[in-house]
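Quick note: the coordinates plus some simple rules give every number you see, no bench work behind them. On a predicted model such as this, the values are computed, not experimentally measured, just so you know. Note: ideal-geometry Cβ built from the backbone for every residue, glycine included; neighbour counts use all protein chains shown.
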Amino acid sequence: MPTVFCPVVAGGGGWTAAGQVYPLNQNDGDENTYQFIAGNASGTNSNFYDHSGIPAGAVITSVVVTGTWGNGSAAATTSVVAHLGGNQTVLGTIGDVAGYGFVIARPGGGSWTRADIDVMWVAWTSLATGNGNAIRLRSSVLQVTYGLPATFLSSVFEFF
């Protein structure tokens, strides 16, 4: 099944950009650019993703958010939550790790649709548990795996 890697295209909140203007600093592959907040501060940064590579009619089988992380405060933690409309799915917390990956169950239950991916976002909230050293969200990518319905595939092959 194909997978589309969706970069951050919008969002923001209570975190500050370092090195590049947000959202480029989430997508540029440079570990020296990031969104950050002090480990003893509360604040939320929300990421919205470019889903344009997912074809119409796709049947979503898996949604995963991955990326890299840096934490100057071993005690600091950040809550990660996926949002869809008024529903949320708590993905977990991140502490002192280099990379992360969360499989995202559809907030509110049920199966993912392409329309859901159009409007969902992931929020990173500092829990203000550290010593003040910066918490750094270095990159974030939404990985969407999908299939195509048999009716779609058969209509494509009729042209050949």
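The protection proxy used here, the mean number of other Cβ atoms lying within 10 Å of each residue, ranks peptides 80-90, 37-47 as follows, highest first: 37-47, 80-90.
Counting 0.36 nm for each residue step from Thr113 to Asp30 and taking away their Cα separation leaves a gain of 26.7 nm.
Taking K and R as +1 and D and E as -1, what net charge do the other residues with C-beta under 15 Å from the C-beta of Tyr100 add up to?
Result for the neighbourhood of Tyr100: 0.
Around Thr33, with a cut-off of 15 angstrom between Cβ atoms, what is the net charge of the other residues, counting Lys and Arg +1 and Asp and Glu -1? So the surrounding residues net to -1.
The relative contact order of the range 3-157 comes to 36 percent, based on Cα pairs under 8 Å that sit 6 or more residues apart. Distance between the pseudo-spin-label points of Val64 and Ala10 (7 Å out from Cα toward the beta carbon): 2.8 nm. Within the range 3-157, antiparallel bridges make up roughly 100 percent of the DSSP beta bridges whose residues both belong there. Net charge of the neighbourhood of Gln20, taken over other residues with C-beta under 10 Å away and scored Lys/Arg +1, Asp/Glu -1, is -2. For Asn87 and Ala128, a Förster radius of 30 Å and the Cβ-Cβ distance give a FRET efficiency of 0.75, rounded to the nearest 0.05.
Annotation for Ala18 and Val103: the two label points, set 7 Å from Cα along the Cα-Cβ direction, are 3.3 nm apart. For Val59, the amide hydrogen comes within under 5 Å of the amide hydrogens of Gly147, Leu148, counting only partners 5 or more places away or on other chains and with H modelled in the peptide plane.
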